[in-house]
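Have a look at the structure below before the remarks.
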Amino acid sequence: MISVTPSPRRIASHYLLTRSGLRPRPLLTLADDGTVVGVDTWRDPDRQAGVEFYSGILLPGMVNAHCHLELSCLRGAIPAGGGFAAFARGMGAQRGRFDEEQRRRAIEAADARMWREGVAAVGDVANGESTFAVKARSAIRYRTFAELFGLQSVSTAPVDGLLRHAATSLTPHSTYSVPDALFRRICSGGDAPLSIHFMESPAEEALYRGEGELAAWYAERGWRCDFLHYGSPVERLVGSVPPTRSVLLVHNCCVTQRTIDRVTAHFTAPVWWCLCPGSNRYISGLRPPVELLRANGLNICVGTDSLASNGALSLVDELRLLGDGVPLAERLLWVTAGGAAALGFGDELGEIAPGRRPGVALLEGIDFSAMRLLPESRTTRLA
């Protein structure tokens, strides 16, 4: 029998996203397993046999740095625009309405759609077991944050069992929802990245003054906060997380220059500021201070949050919401190299370069004259 070696695949397009910007006229050569063999420049691809030409920008597989896959069944279940506390209440009321089969189908559909759209890795938050069977079969690479949530929690026991799964580590939910001793213990134990919901709403800061909708909700339920002596969310963060521990701070809608100064003065390990504008729009209409983060030269990545607070798990939608004030190439780096580094996958994903296998996605439907996204812009997986 004659053995036939598969021919390398050759893909050309208008541009290729690189760490230094958009490279024109790229020609990629991929091995059969998707490993990048070469990155060259085409002259006349129509005259080269076996070259696939696509109109758009070639990207490495994208990274959704913050997602709650287990909440996929809640799409549309909680009304938009009700504000932070109303959303939290709705979550408690709606989460138990769906049976195991409904949850499984929604999780599978969300995972499959992200893969088709070119997502290579996801930072997924889990409070239970429902997503792990799907993630174990998925072609997407997952880093799971086993999240402790609840002011009445007395130990990490509710989520300790999740740690048997690969690439899974503990994290506290936020600076407003976990008792002090547990928050400090989780933050000081281990060396995996933490993923902490941070400054999503003015209610978080107001809570430390005994004011606002969170404080009123907690008082109504008879819940006590034993961490208010820190004085603010950022002081609790820097007072509890070792400076050598990498952390993803998620949402950041109410971050100020003082917040940034306190964080950057404290941490020696990388801090990643994860933006989820679709979720922010859905819940409260707030926007993260993108220009402030950029002016400080911070590490930025992007997530979709969950289908409970978003219409789709689309990173292109998130980039569109972040606006054209930020150059397209920079935003694309946030959902590729930025996300990969934030999740600890930077040595393998986030860049199309010889020897790597990051996946290849195509961003199409672009206004090339202004280099901006259009309503019809979308990504599809090529490899």
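The values are calculated or read from the model by the stated rules, or taken from the named source; none is laboratory data. Everything quoted here is computed from the prediction, not taken from an experiment. So basically every Cβ, Gly included, is an ideal-geometry build from the backbone, and we count neighbours across all protein chains shown. Side chains are part of the model used for accessible areas, which takes the heavy atoms of the whole protein and leaves out ligands, DNA and RNA. Shrake-Rupley method; radii C 1.70, N 1.55, O 1.52, S 1.80 Å.
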_Calculate log10 I(q)/I(0) of the range 296-383 for q = 0.23, 0.25 Å⁻¹, where I(q) comes from the Debye formula with a single equal point scatterer on each Cα and nothing for solvent._
-1.33, -1.42
*What does the charge dipole of the range 291-383 about its Cα centre add up to, to the nearest 20 debye, if the Cβ of each Lys and Arg holds +1 and the Cβ of each Asp and Glu holds -1?*
160
*asked:* Could you sort PHE145, PHE98, PHE267 by their accessible area in this structure, using a 1.4 Å probe and putting the largest first?
replied: PHE98, PHE267, PHE145
*Would you indicate which of (1) 33, 29, 16; (2) 38, 22, 20; (3) 35, 23, 18 is the value of semi-axes √(5λ) of the Cα gyration tensor in Å derived from the coordinates of this structure?*
(2)
*For the chain, give the share of DSSP beta bridges that are antiparallel, in percent and rounded to the nearest 5; count only bridges with both residues there.*
40
_At 7 Å along Cα-to-Cβ for each site, give me the label-to-label distance between THR244 and VAL326 in nm._
3.1
*With each pseudo-label sitting 7 Å past Cα toward Cβ, what's the ASN296-THR268 distance in nm, one decimal?*
2.1
_Shape metrics for the range 87-234, restricted to C-alpha atoms - Rg then Dmax, Å_ = 16.8, 47
*What FRET efficiency would be calculated for the residue pair PHE368, ALA181, taking the C-beta separation as r and a Förster radius of 35 Å, to the nearest 0.05?*
0.05
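Once the piece of chain linking ALA219 and ALA157 is laid out straight, how much longer is it, given 0.36 nm per residue of separation minus the C-alpha distance between them?
Once the chain is fully extended between ALA219 and ALA157, it gains 19.7 nm.
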*Computed lengthening from ARG209 to GLU100, 0.36 nm per intervening residue step minus Cα-Cα distance*: 35.2 nm
*3J(HN,Hα) from dihedral phi, the range 67-82, Karplus parametrisation 6.51/-1.76/1.60, rounded to Hz, x for glycine, proline*: 8, 10, 4, 5, 9, 4, 6, 8, 4, x, 6, 10, x, 7, x, x
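Over the range 312-353, what number does the Rg to Rh ratio reach, with both radii from the alpha-carbon atoms and Rh per Kirkwood?
Ratio of gyration radius to Kirkwood radius: 1.01.
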*Could I have the simple spin-label model distance between LEU228 and SER7, label points 7 Å from Cα toward Cβ, reported in nm to one decimal?*
7.2
*Let me know the whole percent of all Cα-Cα pairs from the range 1-150 that are separated by more than 20 Å.*
63
*Pairwise FRET efficiency - ALA109 versus ASP33, Cβ, R0 = 22 Å, nearest 0.05*: 0.25
*From Cα coordinates alone, what are the radius of gyration and Dmax values for the range 164-228 in angstrom?*
13.6, 41
*Taking a probe of 1.4 angstrom, what is the accessible area of LEU298 in Å², to the nearest 10?*
30
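Let's see if you can work this out: charge +1 on each Lys and Arg Cβ, -1 on each Asp and Glu Cβ, no other charges. What is the dipole magnitude of the chain about its Cα centre, in debye to the nearest 20?
Using Cβ point charges on Lys, Arg, Asp and Glu, the chain gives about 260 debye.
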*Considering Cα pairs under 8 angstrom that are at least six residues apart, work out the relative contact order of the chain and quote it in whole percent.*
22
_I need the calculated FRET efficiency for the pair ARG116 and ALA86, taking r as the beta carbon distance and R₀ as 25 Å, to the nearest 0.05._
0.15
_Using protein chains only and a probe of 1.4 angstrom, how many square angstrom of ARG113 are accessible, to the nearest 10?_
100
_HIS229 accessible area, assembled protein chains, probe 1.4 Å, Å²_ = 130
*Select from LEU194, PHE53, ALA312 the residue farthest towards the positive end of the dipole of the chain; place +1 on Cβ of Lys and Arg, -1 on Cβ of Asp and Glu, and compute about the Cα centre.*
PHE53
_Out of the total accessible area of the chain (probe 1.4 Å, heavy atoms of protein only), what percent is carbon and sulfur?_
51
*Just report the Cα centroid separation between the range 249-323 and the range 7-70, whole Å.*
28
_Just to be sure I understand: with springs between alpha-carbon atoms less than 10 Å apart, which residue in SER240, SER369, SER188 has the highest mean-square fluctuation in the Gaussian network model of the chain?_
SER369
*Amide H neighbours of GLY56 under 5 Å, counting only residues 5+ apart in sequence or on other chains, H built in-plane at 1.01 Å?*
HIS14, TYR15
*asked:* Taking θ = phi - 60°, what integer Hz values does the Karplus form 6.51 cos²θ - 1.76 cosθ + 1.60 yield along the range 197-207, in sequence order, with x for Gly and Pro?
replied: 5, 9, 6, 6, 9, x, 4, 5, 5, 4, 4
_Added length on full extension, which subtracts the Cα-Cα distance from 0.36 nm per residue, PHE149 to ARG25_ = 39.8 nm
